[in-house]
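Reviewing the structure listed below.
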Amino acid sequence: MTQREKPARLVVGNWKMHGGLAENAALLQDILAGLQAKQGARPACLVAVCSPYPYLGQLQQVLSESTVAWGAQNVNEHERGAFTGEVSVDMLADFGCRYVIVGHSERRALFGETSELVAAKAERALEGGLIPIVCVGETLAERESGRTESVVGEQLRAVLDRLGPKITNTVLAYEPVWAIGTGKTASPEQAQEVHAFLRGLVAQRYIDQAAGLQLLYGGSVKPGNAAELFAKPDINGGLIGGAALVAKDFLDIVAAG
């Protein structure tokens, strides 16, 4: 992959089910001030935050004049209808969202989302003008049994089969389940190996576009390990959980990009 083809760095904060109006305001103010102080008007890499649904209006209000994009953590696969408690892509677009996370391991494990459902959500997001951040990842048992590639391959192929060449308009995020919120992190070499495998799967069908696909690593990314992870050739940034809730940590990770 040449330097010309290499995609831009992207760092996305996933707040998960955290936040409140006052604490969000303080966090966002600190992030914006830190970006301005450290990198001037434009950060060193693309930056986004994904909040719970109730705070999307706050993100729109606070971030609309900044370089920071925003998004949601989930979306329904249907355009509209009798789906009480669900949120559509058009609703997210009303709040200026650029991104939406689909297929996070917590959604797969806790809410039974299948790879086919994740693919449908990714398709709906693209149809509505949003960029889906499609998450894939294996459990510790699956890694220890040598099934990492078969598991993440199945998850990605479901999306490839559904989206076809539109896969290149998404962002892929590799998040090993055993490293999410555990303090454990895949080594840069382990992460690069899986990222290269994922890019290779896309290249088997769409070789010309695969090099430009953004691939993020997520799973206990911290200021201390971000630079080494991001230095790997197929890792184009990070999907950040806990560290995204601490302005200094998040800013340090952005700076590593």
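The values are calculated or read from the model by the stated rules, or taken from the named source; none is laboratory data. The structure displayed is predicted, hence computed values, not measured ones. Glycine gets a Cβ as well: all are built from the backbone with ideal geometry, and neighbour counts include every protein chain shown.
Filter the stretch 173-187 down to the residues that are in contact with a Lys or Arg (Cβ under 8 Å, 6 or more places away or on another chain) and among the aromatic types (Phe, Trp, Tyr) and list them by number. Even if it seems obvious, please write down each step before you answer.
Quick first cut of the stretch 173-187, residues in contact with a Lys or Arg (Cβ under 8 Å, 6 or more places away or on another chain) only: 176, 178, 185.
Result: 178, single match.
Quick test of your reading of the structure: residue 60 fulfils all but one of (1) within 30 Å of residue 185 (Cβ to Cβ); (2) in contact with a Gly (Cβ under 9 Å, 6 or more places away or on another chain); (3) not aromatic (Phe, Trp, Tyr). Name the failing condition by number.
(1)
Looking at 84, 67, which one is assigned to a loop (DSSP other than H, G, I, E, B), farther than 30 Å from residue 151 by Cβ, more than 18 Å from the chain's Cα centre (by Cα) and of a type in the set (S, T, N, Q)? Before you say what the answer is, go through the steps one by one.
Working: 67 fails: more than 18 Å from the chain's Cα centre (by Cα).
Going through 84, 67 in turn, just one is assigned to a loop (DSSP other than H, G, I, E, B), farther than 30 Å from residue 151 by Cβ, more than 18 Å from the chain's Cα centre (by Cα) and of a type in the set (S, T, N, Q): 84.
Assigned to a helix (DSSP H, G or I), touching a residue at least 12 places away in the same chain (Cβ under 8 Å) and within 21 Å of residue 172 (Cβ to Cβ), is that true of residue 77?
Numbers: assigned to a helix (DSSP H, G or I): no; touching a residue at least 12 places away in the same chain (Cβ under 8 Å): yes; within 21 Å of residue 172 (Cβ to Cβ): yes.
Against the criterion (assigned to a helix (DSSP H, G or I), touching a residue at least 12 places away in the same chain (Cβ under 8 Å) and within 21 Å of residue 172 (Cβ to Cβ)), residue 77 does not qualify.
Can you tell me which condition residue 112 does not meet? The list is (1) free of Cβ contacts under 8 Å to residues at least 12 places away in the same chain; (2) at negative phi, and all the others hold.
(2)
Looking at the stretch 74-86, which of its residues are of a type outside the set (D, E, K, R) and surrounded by 11 or more Cβ atoms within 10 Å (Cβ to Cβ)? Spell out the reasoning first.
Just the residues of the stretch 74-86 that are of a type outside the set (D, E, K, R), to begin with: 74-76, 78, 81-85.
Within the stretch 74-86, 74, 75, 76, 78, 83 meet the criteria.
Take the residues in the stretch 50-62 that are closer than 18 Å to residue 91 by Cβ and not polar (S, T, N, Q), then tell me which one is surrounded by the fewest Cβ atoms within 10 Å (Cβ to Cβ).
Step one: list which residues in the stretch 50-62 are closer than 18 Å to residue 91 by Cβ, which gives 50-61.
From what is left, the residues that are not polar (S, T, N, Q) are 50, 52-57, 59.
On the way: 50: 27, 52: 15, 53: 14, 54: 11, 55: 22, 56: 21, 57: 13, 59: 24.
Step by step, filter the stretch 50-62, then rank; the result is 54.
Need a quick list: helices (runs of 4 or more DSSP H) entirely within the stretch 87-159 having at least 3 residues that are surrounded by fewer than 15 Cβ atoms within 10 Å (Cβ to Cβ) and at pLDDT below 95.
Values: elements: 89-94, 105-111, 115-127, 140-144.
Once the helices (runs of 4 or more DSSP H) in the stretch 87-159 are filtered for at least 3 residues that are surrounded by fewer than 15 Cβ atoms within 10 Å (Cβ to Cβ) and at pLDDT below 95, what remains is 140-144.
Scan the stretch 80-95 for residues that are in contact (Cβ under 8 Å) with a residue 12 or more places away in the chain and of a type in the set (Asp, Glu) and jot them down. I'd like the intermediate steps shown before the answer.
Filtering the stretch 80-95 for residues in contact (Cβ under 8 Å) with a residue 12 or more places away in the chain gives 87-90, 92-93, 95.
Residue satisfying the conditions is 90 alone.
Within the stretch 189-247, restricting attention to residues that are among the small types (Gly, Ala, Ser) and within 16 Å of residue 170 (Cβ to Cβ), which residue is surrounded by the most Cβ atoms within 10 Å (Cβ to Cβ)?
If we filter the stretch 189-247 for residues that are among the small types (Gly, Ala, Ser), which is where we start, we get 191, 196, 200, 203, 210-212, 218-220, 224, 226-227, 231, 237-238, 241-244, 247.
Pick out the ones that are also within 16 Å of residue 170 (Cβ to Cβ) and you get 203, 210-212, 218, 237.
Numbers: 203: 16, 210: 20, 211: 17, 212: 14, 218: 27, 237: 30.
Result: 237.
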